[in-house]
Every structure is written in C-alpha cells, then in structure tokens.
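Sharing a structure, written as structure tokens. Questions coming.
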Amino acid sequence: MDRPASSGRNGRVTIREVAEDAGVSVAAVSKVLRDAYGVSDVMEAKVRASIAKLDYRPHTAARAMRGQTYTIGVLLADVKNPFFPQVIDGIDDGLAGTQYVPFFGIGHGSTSMEKAIVHAMVDRQMDGLIMIGQRMTDAEVEATARQAAITVIGHHAPQATLFDSANNDDERGGTLVVEHLIAQGYKRPAMITLRRADLGQADVSQRREAGFVSGMRAAGFDDSAIRIAAAADDIDDVTATVRMLLEGPNPPDAIFGWADYYALEVLSAVRALGLRVPEDIGVIGYDNSPPCAYTQNDLTSIDQSGREIGRNAARLMLERIAGRKTAEHFVVQPRVAVRNSTALRNS
C-alpha cells in the first residue's frame, strides 16, 4: 500500500504523523529519538516500526535548535594515506547502533582549508569533530573544543584537558623498527621521514624519528651513523630521496618509510634502481595498511591497530557529548607485521 501524502512542509513526514501511525504521543516519539530514559521496549518497537514505514527523518535544523544534531564531523588530512580507511572503519564501528552520522571533510594538508572546514562544521552545529592528522595548532583545536566535543588522531597531546586523543605509541613503534631490522641481520638502517615544511601540527613522524634514534643508539650506533632523510609529501621527492641515499657513500641496507605510503614508494624506487627486495635492501613501513599485504608489495610494517584507534575515537567522542569533562588520551601498543620485504639475512 502506498504511504499517504505527508502534511509536512515539502512533503516531509512529521513527528506528529509518526506518533499517529504508532498510536503514541509526540512526546513518546521524541523520547525514542533521543534514546531517553524510561521508554519501554514495546513503545520503542512501535515507534521504530512507524519510522521505518513512513521513512521519517528527523529535521536537523529543528534538532539543532534543541541543542543536538546527531552529526559528527570527521576531518581528514588527505585522501592518499591508505591507513585512513582503517580508522574510518573503526569510527563507523563506534557509531554503529547510535543515531550519529559522520560527515567528512578533506584538509589536503592545508591549515587554512582545515580551519574553513572546521568552522563550517561548527557553524552547522555538528555535535563533535574527530580530526585525523590535523595540522591546526593545539590552541586552535582548544578554541574549537569550547564549541564542540573534539577527539584528535595522529597527534599526541597528553597534557590537553579540553579535547581527547586516540593514538598508538609512535615512539615505541619507531624503536620496534630498529629492533626488528637488527634482529633480521641488517646493519645499516636508514629512515625517510616527512619534511618539516609539510609537518604542521601533526607530530607522529617526529615521534617515530625519536623512536628510531633511540633504537639505533640502544643497538650501539653513534649519532653520526644514524641517517634520517626528509622528503616532501610527494612521490617524486620520496623517489629522489631514496636515490640520494642509495647512490651516496656507504648506502643503507634497509630503509624505514615513516608511513606506508612513503614505504610503498621506497619499494618502487629501489626496484627502479635495479635492486632486489629483500636480497639487496630491506624495506619497512608503518601503519600495516591493506596494500602492504598485496603480493607485489609483501611489505613488513608496524601495525598500529587503526580500526581500534577509530573505535576508541568514536567512544571518546560520544562520552564527551554525553557530558564527560575529564580528558582521556587513549594509546594502543604497536607491533611488527612481518612480511618478506625484511626477510632474515645471513650474517
């Protein structure tokens, strides 16, 4: 049977029509929509059935006037990092079963663009924002946190009190890289990191560098033997940096790309030079993103449990929206996902 024409504006089904169809009061429907306390299972089932039958969608502007829109803004630094989809899957996991819907904005590595997106999300009264690898400063994030709940991913701010964070232990991950390479028989590891000009506020590459340096020192390397080369966030520059390392004096026998999308380009550059992986040189990344497992890559990587980070970011977000005031900074421990690109070497 066709649904009767709606009496609402623009043909939109109203909350009153849902109440009439379910045989309950408008206040009862409102309680169900708000997940309010005291709603019986029978009443909720009736209201949910009518909502589905009539294809009712709450009016976001009206909800905003009552103080809640059930929307979460998700700011991504870019769309080229293959790690981000894992985080997004985790956020979806964390919001599943709730009324909250994520809306995405892409900052493209530009602080000014990030600010414009964040301002647009706040102006549209989104209930909270999850920022992944943002380049805005802590002060700018704190200013936003006074207007909406904020959780950051890819930035460590353990001292922050106005916003939450969800990360892996990036410094420990950098040390794990060295421990793994040394155990596999590599003797001259080097690292390719993110160029400072491209860094912004995000600090994960710096922490991975610190862990790499710490691991190298613990393995007995002098600081003069610790090589960390910076490359712009650009494929061509990563390739040029690999060539510079490998064609220079005392070339490394293993290269650590600070993130998988760098390490994957390291693989390509190494092979373009006619070198074999892992026979001539080992390669390791960070994130354990899906392309690492592709047969042509077979890339060892540090797994930072992106989906778990995303789930916890959503959890922290919902808790903030619900009224939690004390900041929480979730950290998961990384592990090495071993593949053939760092196969054991003979001494």
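The values are calculated or read from the model by the stated rules, or taken from the named source; none is laboratory data. Since the model is a prediction, treat every value here as computed from it, not as a measurement. Note that each Cβ is placed from the backbone with ideal geometry, even for glycine, and that neighbours are counted across all protein chains shown. When the accessible area is computed, the model is the full protein with side chains, heavy atoms only, and any ligands, DNA or RNA have been set aside. Shrake-Rupley method; radii C 1.70, N 1.55, O 1.52, S 1.80 Å.
With Ile88, Ile132, Ile117, Ile106 as the choices, which residue is within 19 Å of the chain's Cα centre (by Cα), β-branched (Val, Ile, Thr) and within 24 Å of Lys325 (Cβ to Cβ)?
Numbers: Ile88 fails: within 24 Å of Lys325 (Cβ to Cβ); Ile117 fails: within 24 Å of Lys325 (Cβ to Cβ); Ile106 fails: within 24 Å of Lys325 (Cβ to Cβ).
Testing whether each residue is within 19 Å of the chain's Cα centre (by Cα), β-branched (Val, Ile, Thr) and within 24 Å of Lys325 (Cβ to Cβ) leaves just Ile132.
Of all residues in the range 204-218, count the ones that are at pLDDT 95 or above and open to solvent by less than 50 Å² (accessible area, probe 1.4 Å).
8
What is the residue count in the range 293-347 for residues that are farther than 18 Å from Glu265 by Cα, in a helix (DSSP H, G or I) and open to solvent by less than 20 Å² (accessible area, probe 1.4 Å)?
Going through the range 293-347, the residues farther than 18 Å from Glu265 by Cα turn out to be 303-338, 343-347.
This time we only want the ones that are in a helix (DSSP H, G or I), so: 306-322.
Then keep just the ones that are open to solvent by less than 20 Å² (accessible area, probe 1.4 Å); that gives 306, 309-310, 313-314, 316-317.
Adding up the residues that qualify gives 7.
One line per residue, one yes/no per condition, for (1) touching a residue at least 24 places away in the same chain (Cβ under 8 Å); (2) touching a strand residue (DSSP E or B) at 6+ places or on another chain (Cβ under 9 Å); (3) small (Gly, Ala, Ser):
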residue	(1), (2), (3)
Asp170	yes, yes, no
Thr175	yes, no, no
Asp203	yes, no, no
Asp236	no, no, no
Trp258	yes, yes, no
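Given the residues Ala314, Ala269, which is the only one that is without any contact (Cβ under 8 Å) to a residue 40 or more places away in the chain and among the hydrophobic types (A, V, I, L, M, F, W, C)?
Ala269
For the range 156-179, which residues satisfy the criterion of being in contact with a helix residue (DSSP H, G or I) (Cβ under 8 Å, 6 or more places away or on another chain), open to solvent by 10 Å² or more (accessible area, probe 1.4 Å) and assigned to a loop (DSSP other than H, G, I, E, B)?
Listed by number, the residues that qualify are His156, Leu162.
Additional query: Name every residue in the range 291-302 that is out of contact with any Phe, Trp or Tyr (no Cβ under 9 Å at 6 or more places or on another chain) and in contact (Cβ under 8 Å) with a residue 12 or more places away in the chain, in order of residue number. Even if it seems obvious, please write down each step before you answer.
Filtering the range 291-302 for residues out of contact with any Phe, Trp or Tyr (no Cβ under 9 Å at 6 or more places or on another chain) gives 292-300.
Hits for the range 291-302 are Cys292, Ala293, Asn297, Asp298, Leu299, Thr300.
Cβ contacts < 6 Å: first residue over 22 Å from Tyr70 (Cα atoms), restricted to the range 18-45; second residue modelled with pLDDT of 80 or more and open to solvent by 60 Å² or more (accessible area, probe 1.4 Å), any location; separation 6+ or different chain. Result?
Ala22/Lys46
Looking at (1) open to solvent by 10 Å² or more (accessible area, probe 1.4 Å); (2) over 30 Å from Arg48 (Cα atoms); (3) touching a Ser or Thr at 6+ places or on another chain (Cβ under 9 Å), can you tell me which one Gln125 breaks?
(2)
Turning to a different aspect of this structure: Any residue in the range 277-292 that is closer than 19 Å to Phe83 by Cα and surrounded by fewer than 21 Cβ atoms within 10 Å (Cβ to Cβ)?
Taking the range 277-292 as the starting set, the residues that turn out to be closer than 19 Å to Phe83 by Cα are 283-292.
Then drop every residue that is not surrounded by fewer than 21 Cβ atoms within 10 Å (Cβ to Cβ), which leaves 290-291.
Within the range 277-292, one or more residues are closer than 19 Å to Phe83 by Cα and surrounded by fewer than 21 Cβ atoms within 10 Å (Cβ to Cβ).
If you don't mind, there's one more thing I want to ask. Could you say whether any residue in the range 180-203 is farther than 30 Å from Met317 by Cβ, out of contact with any Pro (no Cβ under 6 Å at 6 or more places or on another chain), assigned to a loop (DSSP other than H, G, I, E, B) and open to solvent by 70 Å² or more (accessible area, probe 1.4 Å)?
Among the residues of the range 180-203, at least one is farther than 30 Å from Met317 by Cβ, out of contact with any Pro (no Cβ under 6 Å at 6 or more places or on another chain), assigned to a loop (DSSP other than H, G, I, E, B) and open to solvent by 70 Å² or more (accessible area, probe 1.4 Å), which makes the answer yes.
So Thr111 ticks every box in (1) β-branched (Val, Ile, Thr); (2) at pLDDT 90 or above; (3) surrounded by fewer than 21 Cβ atoms within 10 Å (Cβ to Cβ) but one. Which box is left unticked?
Of the numbered conditions (1) β-branched (Val, Ile, Thr); (2) at pLDDT 90 or above; (3) surrounded by fewer than 21 Cβ atoms within 10 Å (Cβ to Cβ), the odd one out for Thr111 is (2).
Please tell me if Gln134 is part of a loop (DSSP other than H, G, I, E, B), in contact (Cβ under 8 Å) with a residue 24 or more places away in the chain and crowded, with 23+ Cβ neighbours inside 10 Å. Even if it seems obvious, please write down each step before you answer.
Working: part of a loop (DSSP other than H, G, I, E, B): yes; in contact (Cβ under 8 Å) with a residue 24 or more places away in the chain: yes; crowded, with 23+ Cβ neighbours inside 10 Å: yes.
Answer is yes for this residue.
Please work out which one of (1) buried (at least 23 other Cβ atoms within 10 Å of the Cβ); (2) touching a Lys or Arg at 6+ places or on another chain (Cβ under 8 Å) is the condition Asp253 fails and give its number.
Unmet condition: (1).
Consider Ala272 carefully, then state whether it is within 20 Å of the chain's Cα centre (by Cα) and among the aliphatic types (A, V, I, L, M). Steps first, answer last, please.
Working: within 20 Å of the chain's Cα centre (by Cα): no; among the aliphatic types (A, V, I, L, M): yes.
No: the conditions fail for Ala272.
Which condition does Thr151 not pass, out of (1) farther than 17 Å from Tyr70 by Cβ; (2) open to solvent by less than 20 Å² (accessible area, probe 1.4 Å); (3) not in a loop (DSSP other than H, G, I, E, B), if it passes all the others?
(1)
Hey, could you check the range 26-50 for residues that are out of contact with any helix residue (DSSP H, G or I) (no Cβ under 6 Å at 6 or more places or on another chain) and hydroxyl-bearing (Ser, Thr, Tyr) and say which is farthest from Ala322 (Cα to Cα)?
Only one residue tops the list, namely Ser40.
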